[in-house]
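Working notes for the structure below.
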Amino acid sequence: MTTTDERPAGFEKNDHKPVGHGRMLRKEDPRFIRGKGRYVDDVQLPGMLHCAILRAPVAHARIVSIDTSAAEAHPKVKAVVTGATLTGLGLAWMPTLSGDVQAVLATDKVRFQGQEVAFVVAEDRYAARDALELIDVEYDVLDPVIDVRKALDPSAPVIRDDLDGKRNNHIFDWETGDEAATEAVFASADVVVSEDIVYPRVHPAPMETCGCVADYDRIDSRLTLWSTSQAPHAHRTLYAIVAGLPEHKIRVISPDIGGGFGGKVPIYPGYVCAIVGSIVTGKPVKWMEDRSENLTSTGFARDYIMRGEIAATRDGRILAVRTNVLADHGAFNGVAAPVKYPAGFFGVFTGSYDLQAAYCKMTAVYTNKAPGGVAYACSFRITEAVYLVERIVDCLAYELKMDPVELRIKNFIQPEQFPYRTKTGWLYDSGDYEPTMRKALEIAGYDDLRKEQAERRARGELMGIGVAFFTEAVGAGPRKDMDILGLGMADGCELRVHPTGKAVVRLSVQSQGQGHETTFAQIVAEEIGIPPADIDVVHGDTDQTPFGLGTYGSRSTPVSGAAAALVARKVRDKARIIASGMLEVSVADLEWVKGAFHVKGDPEKSVTIQDIAMRAHGAGDLPEGIEGGLEAQICYNPENLTYPHGAYICVVDIDPGTAQVKVRRFVAVDDCGTRINPMIIEGQVHRGLTDGVGMALMEMIAFDEDGNCLGGSLMDYLIPTALEVPDWETGFTVTPSPHHPIGAKGVGESATVGSPPAIVNAVVDALRPFGIRHADMPLTPSRVWDAMRGVPRPP
Ligand code: MCN
Ligand code: CUN
């Protein structure tokens, strides 16, 4: 494993070196590695009951009748609730994050296999499950819409007949870029290449499934909800709006979360069921889904069918990219993205290249499949965008018989062009692409690999080298453009320094394993000179933290990280004034070094931040106009997103006898600006690369023609283990963000975004002797075998 640990550029270099002090171990790990994490399912309350959900066995059916009498008669059952009960409470439907409505429990029809139909609250988990089998539902089965390409056929059954006047399965059309200008460029280009590219439906499959414990206090009308949420504040506001409970009487706590990967952004019917269960029984109610419920009913990802087109000159100057996308959104449009971005940030499909024109047209449709459309480390659909452009650029290299690295380098946006406005309107903040690419080539030994490949090919062996380069847009977002259901995407942060110089920083974002307790302490430490060990990070509890929109789209560092730095500077500014009083000099005569203020020219005369904290809370007067205490609060509204980039190179070998793909090497060079904790970044990158191996080679949520989900267990939905992944080789470059206070960009999803195209490009490269230019994920042995046996395309 290659790792280099360097100090980031652009930072005060003091002895604390909290930021960039790479091997600082994670503060949260002592509890995790001892099995002392506290997850939702660890919450046990006196008198707690258990909720289990009855789910639809078929994909599309009218509900004729539901008989709950036998379940109600079960001695351990406390309540059985159906859609009809919820209709009476006005809770049968709830808004989705994209402004659609979703059934909490089906009232009229079931619209996907696994949809929530009824729930039982019982004394224990087993009794609740047993009672589900006593509920008798009569269904009138309807034809399902499974093939997304047929969803808009005039003869297709209408899935959402609950929506007023809805006569088809169309959700929205969306476009970006300039259609006419792009057409003009395509019409006069030397070379045009097009390809149909599918990004299949996959699932984030976190180790911990979704669940909650709802505790409604009837006396005080107060709801406490422990829940697997990536955005506790946003969820609280939505519960207040949906259920009509006063917001100040709702407390959402997200304790330790066993992985989210986007899947814990939406509000699921199960959470609402548990809340209703607690309201009707007057007891705390726990709902924890099982693995199969998680895989079949909560937040899927991707499911885009893309036609990619690229126009270029004969000598490899890329002129334009165009795409037409058919998006399968399942039965309810549950996409979680800023309101003005129904396709997330797919608009960055122009990639890292300086183009003359670009255009995308997308149509989103309903099908009889589970809703979702956010999850799985996508930075709001940037996975799909990067896959499209990096695949189609490789198709162009294939047609031009050009090296894919040379083609990319030739077309990169140049460092002096930043900030760079793309043809779809995004303003890339900073980037210096070629050095990142060169570093990856160097680590990989690219030229030698190509030589080795030629030798192996001559021997009939199948070795492939795949390259991908990505630019992401993370840190949603400026609140003038970005909101979720009207809530602006800014984040609060609060810092209190206690009298003895220890501190607590309170965040609105919520870690699901990203190590925020460590990195946010490091950010504050860097700014204020208190060691990270003396700074406690509080998150994931709406009663304890300031409002903000939560963790997804790798926004914690770009948004909350900026807030943490700025709140610490605010405290430091106040500390400076107090120090001037203590040292009896003017503020201008003070110098800040290593967590202390010195009198300029007299380093002996100094006070530490700890001295100042005691003074701020102590007896005696403070300078004129200064209140006691040492704390501050801020709400940070970013002026732009941050645009990390990276260069990935993958080497695969394919067994010609079994078509099994083996990832032999993978080199990832990431640039996320200023690096706060290199070890954590590396962990994030390793994880994302593993995601990539899963998606490129193994993972897919498939359905049969009746709409039965074929990926409902980890026996069928394959995720990679240590056996399927190589020893990752990582490197980095540092191009700070010009508008972020410490220059940091997000990194949590970069590797998931960048690795699938590198792997697929490598597999397709290995299959070049067969004349293959494209093959769709997941590249399982059977798919690769089929590709190898297919009619060879012209080279
Ligand atoms: N970091 C850093 N220096 C930078 C950028 C980030 O040291 N320049 C650190 C951060 O301080 C943070 C971590 O890297 O500890 C990730 O930061 P960031 O990129 O801001 O991403 P978020 O914290 O917002 O995490 C969200 C991102 C997303 S959207 C998904 S999906 C995903 C991911 O994180 N889900 C994860 N990584 C995950 N990792 C784990 N273990 N579990 C998940 O569910
Ligand atoms: Cu797209 S998954 Mo992450 O943004 O929580």
State the extension gain, in nm to one decimal, for the chain segment bounded by residue 584 and residue 181, taking 0.36 nm per residue of separation less the distance between their alpha-carbons.
-> 138.4 nm
Which residue, chosen from 725, 736, 709, occupies the Cα position most advanced towards the positive end of the dipole of the range 703-748, where the dipole is computed from +1 (Lys, Arg) and -1 (Asp, Glu) charges on Cβ about the Cα centre?
-> 736
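Sort 272, 339, 753 so that the residue with the fewest other Cβ atoms within 10 Å of its own Cβ comes first and the one with the most comes last.
Least crowded to most crowded, the residues run 339, 272, 753.
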If amide H atoms are modeled at 1.01 Å from N in the peptide plane, then the residues at a separation of 5 or more from residue 201, or on another chain, having amide H under 5 Å from its own are 303, 701
Report the FRET efficiency, 1/(1 + (r/R0)^6), for residue 155 and residue 36, where r is their Cβ-Cβ distance and R0 is 51 Å, rounded to 0.05.
-> 0.30
Cα pair count fraction exceeding 22 Å, expressed as % - the range 238-360 = 56 percent
Mean separation of Cα pairs under 8 Å and 6+ residues apart, divided by the residue count of the range 531-628: what relative contact order is that in percent?
-> 18 percent
Could you rank the peptides 779-788, 324-333, 494-503 by their average count of other C-beta atoms within 10 Å per residue, with the highest value first?
-> 324-333, 494-503, 779-788
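Return the calculated 222 nm mean residue ellipticity for the chain, to the nearest 500 deg cm²/dmol, obtained by summing -39500 (n - 2.57) across DSSP H runs with n ≥ 4 and dividing by the residue count.
Numbers: 18 runs with 208 residues, N = 795.
Estimated from H runs of four or more residues: -8000 deg cm²/dmol.
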Applied in sequence order to the range 99-112, the curve 6.51 cos²θ - 1.76 cosθ + 1.60 (Karplus, θ = phi - 60°) yields integer Hz couplings, x standing for Gly and Pro, of x, 7, 10, 10, 6, 6, 10, 5, 10, 9, 9, 9, 10, 7
Rank these for me by crowding, 257, 409, going from fewest to most other beta carbons within 10 Å.
-> 409, 257
If amide H atoms are modeled at 1.01 Å from N in the peptide plane, then the residues at a separation of 5 or more from residue 477, or on another chain, having amide H under 5 Å from its own are 489
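Expected output is a single nm value to one decimal: the length gained when fully extending between residue 569 and residue 399, i.e. 0.36 nm times separation in residues minus the C-alpha distance. What is it?
Difference between extended and current length: 55.8 nm.
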Positive-end extreme of charge dipole, the range 504-594 - chosen from 538, 509, 553 (charges on Cβ) | 553
Relative contact order computed over the range 340-453 (Cα-Cα under 8 Å; 6+ residues apart), in percent = 30 percent
Most to least packed among 244-253, 76-85 [average Cβ atoms within 10 Å] | 76-85, 244-253
Put +1 on the Cβ of every Lys and Arg and -1 on every Asp and Glu Cβ in the range 616-717; which of 668, 651, 679 then has its Cα farthest towards the positive end of the dipole?
-> 651
Starting from 0 in steps of 5 Å, tell me what percent of the Cα-Cα pairs of the range 75-155 lands in each bin.
-> 3, 12, 18, 18, 19, 14, 8, 5, 2, 1, 0
Under the Karplus relation 6.51 cos²θ - 1.76 cosθ + 1.60, θ = phi - 60°, what is the ordered set of whole-Hz ³J(HN,Hα) values for the range 154-167, x standing for Gly and Pro?
-> x, 8, 5, x, 8, 6, 9, 6, 6, 7, 3, x, 6, 10
Taking Cα pairs under 8 Å and at least six residues apart, what relative contact order does the chain come out at, in percent?
-> 16 percent
For residue 438 paired with residue 662, estimate the spin-label separation in nm (one decimal), with each label point 7 Å from Cα along the Cα-to-Cβ line.
-> 3.4 nm
List, in order, the whole-Hz ³J(HN,Hα) value for each residue of the range 260-275 obtained from phi through the Karplus relation with A = 6.51, B = -1.76, C = 1.60 and θ = phi - 60°; use x for Gly and Pro.
-> x, 6, x, x, 10, 7, x, 8, 9, x, x, 5, 5, 4, 5, 5
For the chain, inverting the pair-averaged 1/r of distinct alpha-carbon atoms gives a Kirkwood value in Å of 27.7 Å
With charges only on Cβ, +1 for K and R and -1 for D and E, what is the dipole size of the range 721-795 about its Cα centre, in debye, rounded to 20?
-> 340 debye
Considering the range 318-448, what Rg and Dmax in Å follow from its alpha-carbon atoms?
-> 16.7, 50
5 Å-binned pair-distance histogram of the range 606-686 (Cα, whole percent) | 3, 9, 11, 10, 8, 9, 9, 10, 8, 6, 5, 4, 3, 3, 2, 1, 0
In the chain, what % of DSSP beta bridges are antiparallel (nearest 5)?
-> 80 percent
Total charge dipole magnitude, the range 653-795, about the Cα centre, Cβ charges on Lys, Arg, Asp, Glu only, Debye to nearest 20 = 540 debye
Beyond 16 Å, the calculated P(r) of the range 507-578 holds a percent of Cα-Cα pairs equal to 48 percent
In terms of modelled amide H atoms, which long-range or inter-chain residues lie less than 5 Å from the amide H of residue 92?
-> 87
Cα-centre dipole for the chain with unit charges at Cβ (Lys and Arg positive, Asp and Glu negative), debye to 20 = 360 debye
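Only the coordinates and a few stated rules stand behind these numbers; no lab work does. Keep in mind that this is a model prediction, so the values were computed, not measured. Glycine also receives a Cβ, built like all others from the backbone with ideal geometry; neighbour counts cover every protein chain displayed.
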